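One structure is given below, encoded as structure tokens.
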Amino acid sequence: MLEQYNVIKKLLNTEKSVRTVELENKLIFEVNLKAKKNEIKKAVEDIYNIKVIKVNTIITPLGKKKAYVLLHKDKPAIDLVTQLGIK
């Protein structure tokens, strides 16, 4: 089992990720290739103190793993991104 700070590499800040935050209440992270969905969910909940509904993962053609994390409606993703100073 990976430690929470070894699971999440970084929060992606691209045009697509900002649109996903605004429209779908999802955050997109680059994560460790060996990380499982339940480990990603626990790491995001522990690090950012938010409720995660669902995690979808994809491995890019460049060999990196992305996690699309759907947040609970009580905490809009845009609030978290603004709080982190990313927007």
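Pairs to check: Lys9/Lys75; Lys16/Lys42; Lys42/Lys75; Lys10/Lys73; Lys42/Lys73; Lys37/Lys65. Give those whose C-alpha atoms are more than 20 Å from each other in this structure. Write out the running numbers ahead of the final one.
Numbers: Lys9/Lys75 22 Å; Lys16/Lys42 24 Å; Lys42/Lys75 16 Å; Lys10/Lys73 22 Å; Lys42/Lys73 18 Å; Lys37/Lys65 11 Å.
Among Lys9/Lys75; Lys16/Lys42; Lys42/Lys75; Lys10/Lys73; Lys42/Lys73; Lys37/Lys65, the Cα-Cα distance tops 20 Å for Lys9/Lys75; Lys16/Lys42; Lys10/Lys73.
What is the Rg over Rh value, at two decimals, for the chain, using alpha-carbon atoms and the Kirkwood definition of Rh? List each step's numbers first, then the result.
Values: Rg = 11.9 Å, Rh = 12.8 Å.
Rg/Rh for the chain comes to 0.93.
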Checklist entry - Given H placed on each backbone N at 1.01 Å, which residues far from Lys51 in sequence or on other chains put an amide H within less than 5 Å of it? => result His72
Checklist entry - From the phi of every residue in the stretch 6-21, what ³J(HN,Hα) in whole Hz does the Karplus formula 6.51 cos²θ - 1.76 cosθ + 1.60 yield, where θ is phi - 60° and glycine or proline is x? => result 8, 7, 8, 8, 6, 8, 6, 10, 10, 4, 5, 5, 5, 5, 5, 4
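Multiply the residue separation of Glu22 and His72 by 0.36 nm, subtract the distance between their alpha-carbon atoms, and state the gained length in nm to one decimal. Write out the running numbers ahead of the final one.
On the way: separation 50, 0.36 × 50 = 18.00 nm, distance 1.37 nm.
Result for the pair: 16.6 nm of gain on full extension.
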Checklist entry - Tell me, what HN-Hα J-couplings in whole Hz come from the Karplus equation 6.51 cos²θ - 1.76 cosθ + 1.60 at θ = phi - 60° for each residue of the stretch 26-32, using x for Gly and Pro? => result 10, 10, 10, 10, 8, 10, 4
Checklist outcome for this item: Under the helix-only model (-39500 (n - 2.57) for each DSSP H run of 4 or more, divided by the residues of the chain), the mean residue ellipticity at 222 nm, to 500 deg cm²/dmol, is -11000 deg cm²/dmol
Checklist entry - With θ set to phi - 60° and the Karplus curve 6.51 cos²θ - 1.76 cosθ + 1.60, what are the ³J(HN,Hα) couplings of the stretch 37-52 in order, to the nearest whole Hz, using x for Gly and Pro? => result 4, 5, 5, 5, 4, 5, 5, 5, 4, 6, 5, 9, 6, 9, 8, 9
Next on the checklist: Just to be sure I understand: with springs between alpha-carbon atoms less than 10 Å apart, which residue in Ile59, Ile50, Ile40 has the highest mean-square fluctuation in the Gaussian network model of the chain?
Outcome noted: Ile59
Item to check | Selected from Leu62, Leu11, Leu23 as most flexible by GNM, with the chain as the system and alpha-carbon contacts under 10 Å | outcome: Leu62
Next on the checklist: As a footprinting exposure proxy, order Tyr68, Tyr5 by other Cβ within 10 Å, with the fewest listed first.
Outcome noted: Tyr5, Tyr68
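Pulled fully out, how much extra length does the chain show between Thr82 and Glu3, if you take 0.36 nm times their separation in residues and subtract their Cα-Cα distance? Please list the in-between numbers first.
Working: separation 79, 0.36 × 79 = 28.44 nm, distance 2.58 nm.
Here the answer is 25.9 nm.
Here, each number is a calculation from the coordinates, and none is a lab measurement. Since this is a predicted model, take the numbers as computed values, not measurements. Note: ideal-geometry Cβ built from the backbone for every residue, glycine included; neighbour counts use all protein chains shown.
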